């Protein structure tokens, strides 16, 4: 059953209505480039990019330019130099919704606008607590839930980026080892920083302010029916059994050689006991807070768009 309930705080667009907002924005990605950006089970079509992501990149370009103008005007008012800080975009949504693919497409398209050629992408997975800490606290089975993140470290990272720090480091997460690595990602004042993760729109108790979501200039929620999300999760799990799960260091290597029906049962158990619970309790309630909602159908195609009323 669909849980799609358009918000009164948002303007709703059909795919055709949204596509018309593209105006004369040119398509700068070819099919080979799109294939490189695609997720493991998520198809990307030229038509989808043309209808959805071209209007979105045009809107974001206008928002970036407006933000720069406001910043410069404010600096002039106070008689100070305008600070160099990235325009921060947050991309939220459930596990298997396609957040990473959406973020990668936006990164590629926004970097082609001459006003802001340097666009970085970061995932909040790097701010999960290491497995050893989660296991010690009894939280390994709740990875991805709010309590599994080093929330203070993520807030501090975003604060430093927003304050225009010349170099800010973030830890890197491996989906093969299912743990934090020894690598770091360095963010050095890009024009735009896209941050993708389950928790970018989440808040917390009033005593924990500021929140991660406070630092974004624009937020996007990638939405789909929970039944479709489960199907996509199972499909991706099955594909990983013959790829990443076969690596010696893979956390889920024990599932690589399971029969297909047994692997499906494992995937559905993981989805229903962990990811669906997290979606219902912590992720879906944040959808109404997004500036833009991209609603997908069962074929991964975006069928509707909601934009927060100005």
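A short reminder: the numbers here are calculations on the coordinates, not readings from a lab. Owing to the predicted nature of the structure, the values given are computational and were not obtained by experimental measurement. Glycine also receives a Cβ, built like all others from the backbone with ideal geometry; neighbour counts cover every protein chain displayed.
Peptides 94-103, 240-249 ranked from most to least packed by the mean count of surrounding Cβ atoms within 10 Å: 94-103, 240-249.
For the chain, what is the relative contact order in percent, using Cα pairs closer than 8 Å and at least 6 residues apart in sequence?
The value is 25 percent.
Normalised Debye scattering of region 218-268 at q = 0.18, 0.27, 0.32 Å⁻¹ gives log10 I(q)/I(0) of -0.61, -0.97, -1.19, counting only Cα atoms as equal scatterers and leaving out solvent. If one puts a single equal scatterer on every Cα of region 10-308 and applies the Debye formula without solvent, what log₁₀ I(q)/I(0) results at q = 0.09, 0.15 Å⁻¹? Treating every Cα as an identical point scatterer, log10 I(q)/I(0) equals -0.46, -1.31. Which of 61, 282, 35 moves most in a GNM of the chain, Cα contacts under 10 Å? Its mean-square fluctuation being the largest, the pick is 35.
Can you compute the helix-only [θ] at 222 nm over the chain? Use -39500 (n - 2.57) per DSSP H run of at least 4 residues, normalise by all residues, nearest 500 deg cm²/dmol. Mind showing how you got there, number by number?
Values: 8 runs with 95 residues, N = 310.
Here the helix-only value at 222 nm equals -9500 deg cm²/dmol.
One Cα centroid belongs to region 231-310, the other to region 137-167; the line between them spans 22 Å. For region 155-310, a/c is not less than 1.5, where a ≥ b ≥ c are the root eigenvalues of the C-alpha gyration tensor, and a/b does not top b/c. That puts it in the oblate class.
DSSP beta bridges fully contained in the chain are about 45 percent antiparallel. Could you give log10 I(q)/I(0) at q = 0.14, 0.26 Å⁻¹ for region 200-241, computed by the Debye formula over C-alpha point scatterers of equal weight, without solvent? Debye intensities relative to I(0), on a log10 scale: -0.58, -0.84.
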